[in-house]
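A short worksheet on the structure shown next.
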Amino acid sequence: MTDHLPEPTHADHQGIATEEPIANPGLPEHQWRPTDVDPRAEKRAERQVAALFGLAILGAIGFIASYVVFKVGDNPDTIANLGASNVALGVCLAVTLFGMGAGMIQWARKLMGDHEIVEMRHPASSSEEDREAAVSILQTSLEESGLGRRPLIRNSLLAAGGILGLLPIVMLRDLGPLPGDKLDHTIWDIDTWTPEMQAWWKTQNRTLQRVVRDVVGTPIKVTDLVIGDLVNAEPEVMFAVDAETKQPVVEGTQLLVDKSKAAVILHRMLPSDIVSQQTMNWSVDGIVCYSKICTHVGCPISLNERTTHHLLCPCHQSTFDLADSGRVLFGPAARPLPQLELTVDDQGYLAAKRDFTVPVGPSFWERG
Ligand code: FES
């Protein structure tokens, strides 16, 4: 029973209410817990709490025993014990913590004092004396620092503070340099290739660059894709190897930069599902090819809804319609996904007819 503290009376609450602008509705009538009114329930709760603390003791003993029993080391005889030791230690520690926590919760809920109290808030503002003391401390500090008497120090301090404010402005320069026309073309445009790439291309005796599978670099025929397929792809030059040196023609930073701009996705749908005339003209038997780089802030996209032909960017959920020129259906992207014009070469492989006609990726200041 918790009758050692007086309960607030109804009259108390009424008294408080008259001092406040909004009437205090007071507290509902107190409901005593079974353990407050039934000594047998109180004893039962006491035993429950003790049992939970006992469980915690058993867990702790088990923890120590596990530590001793499982010999852990790096020789073949003991290495198998490592997993068992970890499991046993973890389980015993969990039992100990559970027993302690649950015991304390039961103790507080069922046995500790159960009485409502009303505590008036203190005023939020400081007292007049405290404020005067604070002002006095500030004035004393100013006098002791001599700031008023030493204009040289004061002015140089103000100048240093002002310069400090300029530093973030200087760092704005790191947002540049502006890309110029570097984002207007990708490696799909053979005319922009380096001499090494051009030399390799001459050995291929072809005019159209193939669209090949990402990672493995295998060329793709129309019949390789079924309706609903979505394939990550790249320009074939990314996998070109110099016949003499046996080294990749594109490598290092150039490879990463070119790949990040030229990555595409291929998707096959029924030609009758294609909505826009441009998408139809730039497709091959229902296969469309789009930039993989989201036009919002440039995340790679490849979440595809097979039946609707919607492509979803995982970063901020921009959704593009692959059947309708990459039109934005939803989300923060402001521009359609650039489409790459497809064709097939003389050996029946999918190839790009030309570079993207608009810059890929997010918007930038110099973009037309
Ligand atoms: S980067 Fe694609 S929605 Fe933001």
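Of the peptides 220-233, 26-39, 255-268, the order by per-residue mean of other Cβ atoms within 10 Å, starting with the highest, comes out as 255-268, 220-233, 26-39.
For residue 294, the amide hydrogen comes within under 5 Å of the amide hydrogens of 299, 301, counting only partners 5 or more places away or on other chains and with H modelled in the peptide plane. Residue pairs exceeding 19 angstrom between C-alpha atoms, taken from 202/292; 221/246; 182/202; 221/353: 202/292; 221/246; 182/202.
Less than 5 angstrom separates the built amide H of residue 330 from those of 319, all sequence-distant by 5 or more or on a different chain. Taking the chain as a Gaussian network of alpha-carbon nodes connected by springs under 10 Å, the highest mean-square fluctuation of the residues 171, 104, 238 belongs to 104. All Cα-Cα distances of the range 230-368, cut into 5 Å bins from zero to the largest, leave 2, 10, 19, 21, 19, 14, 8, 4, 2, 0 percent in each bin in turn. Ordering 117-125, 279-287, 45-53 by mean Cβ neighbour count within 10 Å, with the highest value first, yields 279-287, 45-53, 117-125. Each peptide in 208-214, 241-247, 331-337 receives the mean, over its residues, of other Cβ atoms within 10 Å, and ordering these scores from highest gives 208-214, 331-337, 241-247. Close amide-amide hydrogen proximity is noted between residue 287 and 269, each under 5 Å apart and 5 or more residues distant or on a separate chain (H modeled in the peptide plane; Pro and chain starts excluded).
Only helices enter the 222 nm calculation for the chain: every DSSP H run of n ≥ 4 contributes -39,500 (n - 2.57), and dividing by all residues gives -12500 deg cm²/dmol, rounded to 500.
Note on residue 364 and residue 157: with the Förster distance fixed at 45 Å, the Cβ-Cβ geometry gives a FRET efficiency of about 0.65. Mark the label point 7 Å from the Cα of residue 72 along Cα→Cβ and return the residues of the range 94-132 whose backbone N is within less than 16 Å of it. 94, by backbone N distance to the label point. Ellipsoid semi-axes for the chain, based on the Cα gyration tensor and the rule √(5λ), read 68, 40, 29 Å when sorted largest first. By the Cβ distance rule (another cysteine Cβ under 4.7 Å), the unpaired cysteines of the chain are 92, 289.
Of all lysines in the structure, the ones whose alpha carbon falls short of 18 Å from that of residue 43, not counting any fewer than 8 places away in one chain, are 110.
A Förster distance of 56 Å, applied to the separation of the beta-carbon atoms of residue 244 and residue 164, puts the FRET efficiency at 0.45.
Distance between the 7 Å Cα→Cβ label points at residue 277 and residue 256: 4.4 nm.
Every read-out reported here was derived from the displayed coordinates using simple, explicitly stated rules and does not represent laboratory data. What you are looking at is a predicted structure, and each value in this text was computed from that prediction instead of being measured. Backbone-built Cβ (ideal geometry, glycine too); neighbour counts: all protein chains shown.
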